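What follows is one structure encoded as structure tokens, with my remarks underneath.
The values are calculated or read from the model by the stated rules, or taken from the named source; none is laboratory data. Please read all numbers here as calculations on a predicted model, not as lab measurements. We place every Cβ from the backbone using ideal geometry, glycine too, and count neighbours over all the protein chains shown. Surface areas here come from the heavy atoms of the whole protein model, side chains and all, with no ligands, DNA or RNA. Shrake-Rupley method; radii C 1.70, N 1.55, O 1.52, S 1.80 Å.
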Amino acid sequence: MRRRTGLAMAGVAALAWGEWLNWRWSRGLVGHGGGASEAVVVLGYRNPQSTANLINRWRVRAGIRSIVADGAHGTCVIFSGGATSSGATEAQLMADYAKSVLEFDGTVLLEDQSATTWENITNVIPLLEDVDRIKITSQPAHALKARAYLRRQRPDLAERLVRADDYRPGEWMVVKPLLAVYGLWTLRGLNADERKISL
């Protein structure tokens, strides 16, 4: 009985830790900028098949709901991701899912050359020059890493970063401890200042 209670308490603690860490990451390196125009950047994930995979479908949904969260006008969604083994690009697969399944009829731009998160940011910068607010959508640790990269490449644009709606309490709850462990590993390259803000 004690062993079961101990395991249950450890499980609850792991879930709470994963939830807390993802919540913290979703709020790192963002401000409260205003303005009429907005861009939501949705980062792609490895996609070997010819349709958007589970992770990319979730990222698209999070990107679309990030528009609704603020009711912003003049918002464009930028899908970012290069070629997959199926021949299509991650960006195109995500855009197809947004239009055909989610029936999104807003402005869509594609960045279809990047193969890494650093390249995602490098290649979307020209599309961000004229917007007032920038949201980057992915799993919270990955989005934080991308925001840190924008901060390194273009600090002036990073001043326009605001929160996306890519964290919701209880969503992906069972796997959030794993996402937290993976996130800690992927964020190890951030500098001390970025790490201080994010943790």
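Shape annotation for segment 79-178: C-alpha extents along the principal axes are 35, 33, 27 Å, from largest to smallest. Take every Cα pair under 8 Å whose residues are at least 6 apart in sequence, average their separation, divide by the length of the chain, and the relative contact order is 32 percent. Placing unit charges on the Cβ atoms of the charged side chains and taking the dipole of the chain about its Cα centre, the candidate lying farthest along the positive direction among 108, 33, 53 is 53.
With all protein chains kept in place, the per residue accessible area of segment 1-149 amounts to 48 square angstrom at a probe of 1.4 angstrom. Treating r as the C-beta distance of residue 85 and residue 154 and R0 as 41 Å, the FRET efficiency rounds to 0.85.
Carbon-plus-sulfur accessible fraction, the chain (probe radius 1.4 Å, protein heavy atoms only): 58%. Were the residues from residue 101 through residue 3 laid out at 0.36 nm apart, the gain over their Cα-Cα distance would be 30.7 nm.
Taking amide H positions as modeled 1.01 Å from N, with prolines and chain starts lacking one, the residues under 5 Å from residue 109 and 5 or more places away or on another chain are 77, 78, 79. Label zone of residue 174 (point 7 Å out along Cα→Cβ, amide N under 12 Å): in segment 6-36 this covers no residue at all.
Summarising the label geometry, the points placed 7 Å from Cα in the beta-carbon direction at residue 181 and residue 130 lie 4.7 nm from one another.
The chain has equivalent-ellipsoid semi-axes of 28, 20, 16 Å, by the square roots of 5 times the alpha carbon gyration tensor eigenvalues, sorted largest first. Distances between every pair of Cα atoms in segment 20-67, grouped in 10 Å steps from 0 to the bin holding the largest one, split as 20, 42, 29, 8 percent. Can you give the FRET efficiency to the nearest 0.05 for residue 108 and residue 12, using r as the Cβ-Cβ distance and R₀ = 35 Å? Computed FRET efficiency for residue 108 and residue 12 comes out at 0.30. Taking GluC sites (Glu not before Pro) in DSSP loop states with no more than 10 other Cβ atoms inside 10 Å as exposed sites, the chain has its longest site-free stretch at 1-102.
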